[in-house]
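**Student:** First the structure, then my questions, so here it is.
The values are calculated or read from the model by the stated rules, or taken from the named source; none is laboratory data. The shown structure was predicted, so the numbers you read here are calculated from the model rather than taken from an experiment. Virtual Cβ from ideal backbone geometry, glycine too; neighbours counted across all protein chains shown. Heavy atoms of the whole protein, side chains included, go into the accessibility calculation; ligands, DNA and RNA do not. Shrake-Rupley method; radii C 1.70, N 1.55, O 1.52, S 1.80 Å.
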Amino acid sequence: CSTVLAVGLVTPAMAADLTVGFSQIGSESGWRAAETSVTKQQAEQRGINLKFADAQQKQENQIKAIRSFIAQGVDAIFLAPVVATGWDAVLKEANEAEIPVILLDRTVDAPDDLYLTAVTSDTVHEGKVAGDWLVQDVGDKPCNIVELQGTTGSSPAINRKKGFEQALAGHDNLKIIRSQTGDFTRTKGKEVMESFLKAEDGGKNICALYAHNDDMAVGAIQAIKEAGLKPGTDILVVSVDAVPDIFKALAAGEANATVELTPNMAGPAFDALEKFKADGTVPPKWIQTESKLYTQADDPMKVYEEKKGLGY
Ligand code: GZL
């Protein structure tokens, strides 16, 4: 078990003096931008001083930001780790400086005593929910699937692939015929989907797309339309995040399903931090957020309107 030092107890009133350094990956997707705005709103509401660093999806920038936060003597560090490996050394430096680290939305391959807690969804489960939907929708028809993976080496990309493949196990009529990273962005998602379509007889050979996030799916939908095919019918589209724009695609019949990821990881993270600082309560190593499936049957434009108020 981990021995986490209660580094000085603060009362809720004193929480206002808390300074948190947040090393954010970037703004590669609509979901990421929403996570950033929710984190800033949460800090504002709680009177917490947030130092924000955007790494433009580069791990070395995140490591630099963490070292700078340590040098500034922040009270805690929030980290959304762009990839899962390569964090041990800098997390040890934070540990030695007695600065607790909380992971947001992605995990790291490092001993769990190097961070206070991780606030994430179950990304394997997300992939399984997406795959289960496709299995039940396709039935026993043959279905060639193309896959747009998230950022190579990131925990969601690794796990969403794993969960999706778990769902396909035992259903040999469903086959992943091409799989490549689209780096969680619309632009790359469109580009890679164009290459899939070219390689597969203009898309005639493709029955479904599984994209590890909605932004890549939205980019791919554009490519499918430009290839003269109907996304959502000629090629089924299933993805993850449940950002507002995928609900517009669901309402237009151009996407079929998405698995929701809340952009509010910071709320539970700040709650755990304030409690830890106030009375030394050590949170569980994993604070899990929910994953809900949405399809065309879920009044997409109503959900779209609701989503617009949640940091998007
Ligand atoms: C998953 C998160 C992913 C989102 C993408 O928890 O890290 O990163 O699904 C984002 O939209 O780029």
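**Student:** When residues of region 230-251 are filtered for being open to solvent by less than 10 Å² (accessible area, probe 1.4 Å), more than 16 Å from the ligand (Cβ to nearest atom) and assigned to a helix (DSSP H, G or I), how many remain?
**Tutor:** 1
**Student:** Within region 111-126, identify whether any single residue is in a loop (DSSP other than H, G, I, E, B), modelled with pLDDT of 95 or more and out of contact with any strand residue (DSSP E or B) (no Cβ under 7 Å at 6 or more places or on another chain), and answer yes or no.
**Tutor:** Among the residues of region 111-126, at least one is in a loop (DSSP other than H, G, I, E, B), modelled with pLDDT of 95 or more and out of contact with any strand residue (DSSP E or B) (no Cβ under 7 Å at 6 or more places or on another chain), which makes the answer yes.
**Student:** Would you tally the residues in region 188-225 being within 16 Å of the ligand (Cβ to nearest atom), surrounded by fewer than 24 Cβ atoms within 10 Å (Cβ to Cβ) and under 12 Å from ALA249 (Cβ atoms)?
**Tutor:** Residues flagged as within 16 Å of the ligand (Cβ to nearest atom), surrounded by fewer than 24 Cβ atoms within 10 Å (Cβ to Cβ) and under 12 Å from ALA249 (Cβ atoms) within region 188-225 amount to 1.
**Student:** What's the number of the condition ALA157 fails, among (1) under 26 Å from MET265 (Cβ atoms); (2) in a strand (DSSP E or B); (3) not hydroxyl-bearing (Ser, Thr, Tyr)?
**Tutor:** (2)
**Student:** Quick check: anything in region 55-75 assigned to a strand (DSSP E or B) and under 24 Å from the mean Cα position of the chain (by Cα)?
**Tutor:** no
**Student:** Taking region 179-229 as the region of interest, how many residues are assigned to a loop (DSSP other than H, G, I, E, B) and without any contact (Cβ under 8 Å) to a residue 60 or more places away in the chain?
**Tutor:** Result for region 179-229: 6.
**Student:** On to the next question. Being surrounded by 18 or more Cβ atoms within 10 Å (Cβ to Cβ) and in contact (Cβ under 8 Å) with a residue 60 or more places away in the chain: is that true of THR107 here?
**Tutor:** Judged against the criteria, THR107 is not a match.
**Student:** Here are the criteria: (1) among the aliphatic types (A, V, I, L, M); (2) open to solvent by less than 20 Å² (accessible area, probe 1.4 Å); (3) closer than 20 Å to PRO81 by Cα. Tell me which single one ILE145 does not satisfy.
**Tutor:** If we test ILE145 against (1) among the aliphatic types (A, V, I, L, M); (2) open to solvent by less than 20 Å² (accessible area, probe 1.4 Å); (3) closer than 20 Å to PRO81 by Cα, just (3) comes out false.
**Student:** Just one of (1) away from the ligand (no atom under 16 Å from the Cβ); (2) among the polar types (S, T, N, Q); (3) within 20 Å of PRO283 (Cα to Cα) trips up SER68, so point out which.
**Tutor:** (3)
**Student:** I'd like to verify a number: residues in region 86-110 that are over 18 Å from HIS212 (Cβ atoms) and assigned to a loop (DSSP other than H, G, I, E, B), how many?
**Tutor:** Adding up the residues that qualify gives 9.
**Student:** Filter region 264-286 for residues that are under 24 Å from GLU28 (Cα atoms) and either part of a strand (DSSP E or B) or open to solvent by 10 Å² or more (accessible area, probe 1.4 Å) (or both) and give the result.
**Tutor:** Those that are under 24 Å from GLU28 (Cα atoms) and either part of a strand (DSSP E or B) or open to solvent by 10 Å² or more (accessible area, probe 1.4 Å) (or both): ASN264, PRO268.
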